[in-house]
């Protein structure tokens, strides 16, 4: 029987990819033994910590931030808001590659989704930055959230995906359903799935003269290097 089962196994083939191939993760032993060094483990001299204040509404605008209360908190160094944020090198709406999306980055007081960052508190410790973000106590003017596909203006993006057209139409669904000999209506459900990475979300940046060193987890090393030609010396790792 063992010989029969063995004969039925189809050898794996490579088609220009590593999917399905037995590979050794060089960082595997370090991660499972707790010896891996992540971005959050690095603490350059004089390092400051940043915490985000986020919106509690899904759509609208921020009307008030208690910046004075946050700045008065012990350990807080600066509070960054749309009123004093530094200029961007690129247009936040620019789509330089197919996988980019709009970057708000404190460009204005508009809120487009729940949990959107509306300010950044910079402090000497992570605790002080977190407490300062709470003291900002954002006040928002809520607008009706867009939760459906009907009743709103159709949005046609300038580009989507890697090489796909912005609009695709094929056939007449309603006519096809009406002419179908059989019609089945049912509901399919799947359990919740969570992508829990081992490395905490953290980025450590340090200036050395006019050179900036960035230590950040990334799943797209090649994309990051192509998108940041002037930062080729930055340290990047996969998470």
**Message:** If you average the alpha carbon positions of the range 108-149 and of the range 169-225, how far apart do those two centres end up, in angstrom?
**Reply:** 23
**Message:** Can you tell me the length gained on complete extension of the stretch residue 181 to residue 93, counting 0.36 nm per residue apart and subtracting the Cα distance?
**Reply:** 27.0 nm
**Asked** Which order results if 61, 170, 201 are arranged by neighbouring Cβ count within 10 Å, fewest first?
**Response** 170, 201, 61
**Item:** FRET efficiency estimate (nearest 0.05) - Cβ-Cβ, residue 23 to residue 63, R0 41 angstrom
**Value:** 0.20
**Ranking of 164, 101 by count of other Cβ atoms within 10 Å, fewest first** = 101, 164
**Fill in**
Fewest-first ordering of 122, 160 by Cβ atoms within 10 Å yields 160, 122
**Request:** Can you pull the one-decimal nm distance between simple spin-label points at residue 201 and residue 221, each 7 Å off the Cα toward Cβ?
**Result:** 2.4
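Any read-out appearing in this document is the output of simple, stated calculations on the displayed coordinates, not a laboratory observation. Remember, predicted model here, so these are calculated numbers, not experimental data. All Cβ positions, even for glycine, are placed from backbone atoms using ideal geometry, and neighbour counts span all protein chains on display.
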